[in-house]
Amino acid sequence: MIDLGRIRLFCTTLGPADSPALLLVHGWGGDGREWSVHAEALADRFRVIVPDLRGHGRSQVPGTGNAPVEMAHDLAALIETLDCGPVVAVGHSMGGQVVNLLAVRHPELVRSVVALDPAHGAHGTEVDGIPGRLADYREHGSRAAAEFVAGAFSDQAPTGLRTAHVRTILGTPDHVISQAYAGMYTDPEAVGIRPHSEAYLRRRTQPALTVWTEAEAASWERSTLHVAGSRVEHWPGIGHYLHEERPEDTVRLIEEWADTE
């Protein structure tokens, strides 16, 4: 546990302290254990930093403020405390939103961004359903969130992966589930809905690699790119937890990206 003053975060590090730093950030209702395979594979060449976000895993659980903007500020404090910046910041789902916010709010601490099926760019029927989902999360907390997670895997997901994530999200405090969801989509500083996403992506000055499992989202994000070297990939036929369904491909992707940026 690292006391950052503003928050106490549980964090593990692997790899040589003088190597380029990779920050691996989990998503909504998850924790850093989902990066275990990747961290071990990457630690030969990189300093791999894997935190549990506020309210998640083994980190401190505040009563309020469990939103991506605050999580990004937490990670900035962590990078400064560990003296490991600028980092290649890698995030999945909500973690993808967090690392982009980190890059926008603290550009000096981020060398580049890798976002995997990030929690931004919501539009159409997805946006229409946000108020109802938020009401459900406020009433039922992690039990409602577990229903979403259970349906987020493809048929090729490794045995036990779905159960592991359902178990993890059921252990996430109910108020964290609802506050984090509101922080992604409905709070004043939320950037998850497409027009707000486009505004914050325009402020990102670092190269970014984004991987989407949906073709429409990939096409949309390509239209937002404005920094040289940035690119978007589409991985079809795979679930939302793409980094765990295809860990070897994800490790290779991160290695190749970190070597060129």
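General observations
- Considering the range 73-85, the residues that are open to solvent by 20 Å² or more (accessible area, probe 1.4 Å) and outside any helix (DSSP H, G or I) include one that is modelled with the lowest pLDDT, namely Gly85.
- Set Pro51, Pro20, Pro62, Pro16: member being of a type outside the set (Asp, Glu) and surrounded by 23 or more Cβ atoms within 10 Å (Cβ to Cβ): Pro51
- Test: residue in the range 86-106 that is modelled with pLDDT of 95 or more and surrounded by fewer than 15 Cβ atoms within 10 Å (Cβ to Cβ): no
- Residues (open to solvent by 10 Å² or more (accessible area, probe 1.4 Å) and out of contact with any helix residue (DSSP H, G or I) (no Cβ under 6 Å at 6 or more places or on another chain)) located in the range 107-116: Pro107, Glu108, Arg111
- Residue match in the range 146-153 (condition: among the hydrophobic types (A, V, I, L, M, F, W, C), more than 17 Å from Gly239 (Cα to Cα) and surrounded by 14 or more Cβ atoms within 10 Å (Cβ to Cβ)): no
- For the condition out of contact with any Phe, Trp or Tyr (no Cβ under 8 Å at 6 or more places or on another chain), over 20 Å from Leu22 (Cα atoms), of a type outside the set (Gly, Ala, Ser) and at pLDDT 95 or above, Glu139 qualifies.
- In summary, Leu53 fulfils each of the numbered conditions (1) assigned to a loop (DSSP other than H, G, I, E, B); (2) over 14 Å from the mean Cα position of the chain (by Cα); (3) free of Cβ contacts under 8 Å to residues at least 60 places away in the same chain with the single exception of condition (2).
- Checking each residue in the range 228-261 for being closer than 21 Å to Pro86 by Cβ and of a type in the set (Phe, Trp, Tyr) picks out only Trp257.
- Among the residues of the range 146-190, those that are among the small types (Gly, Ala, Ser), under 25 Å from Val99 (Cβ atoms) and outside any loop (DSSP other than H, G, I, E, B) comprise Ala146, Ala164, Ser178, Ala180, Ala182, Gly183.
- When residues in the range 132-145 are screened for being assigned to a helix (DSSP H, G or I) and either without any contact (Cβ under 8 Å) to a residue 40 or more places away in the chain or more than 22 Å from the chain's Cα centre (by Cα) (or both), 7 of them pass.
- Any hit, the range 199-213, residues being of a type outside the set (Lys, Arg) and free of Cβ contacts under 8 Å to residues at least 12 places away in the same chain: yes
- Checked against the criterion of being small (Gly, Ala, Ser), in a helix (DSSP H, G or I) and touching a residue at least 12 places away in the same chain (Cβ under 8 Å), the range 5-26 has no qualifying residue.
- Listing of helices (runs of 4 or more DSSP H) fully contained in the range 191-261 that carry 3 or more residues being loosely packed, with under 13 Cβ neighbours inside 10 Å: 194-202, 215-222, 247-260
- Whichever residue in the range 119-131 is in a helix (DSSP H, G or I) and aliphatic (A, V, I, L, M) and, among such residues, is most open to solvent (accessible area, probe 1.4 Å): Val127
The values are calculated or read from the model by the stated rules, or taken from the named source; none is laboratory data. Small disclaimer: the values here were computed from a predicted structure and weren't measured. Note that we place each Cβ from the backbone using ideal geometry, even for glycine, and neighbour counts take in every protein chain shown. These area figures cover heavy atoms from the full protein model, side chains too; ligands, DNA and RNA do not enter into them. Shrake-Rupley method; radii C 1.70, N 1.55, O 1.52, S 1.80 Å.
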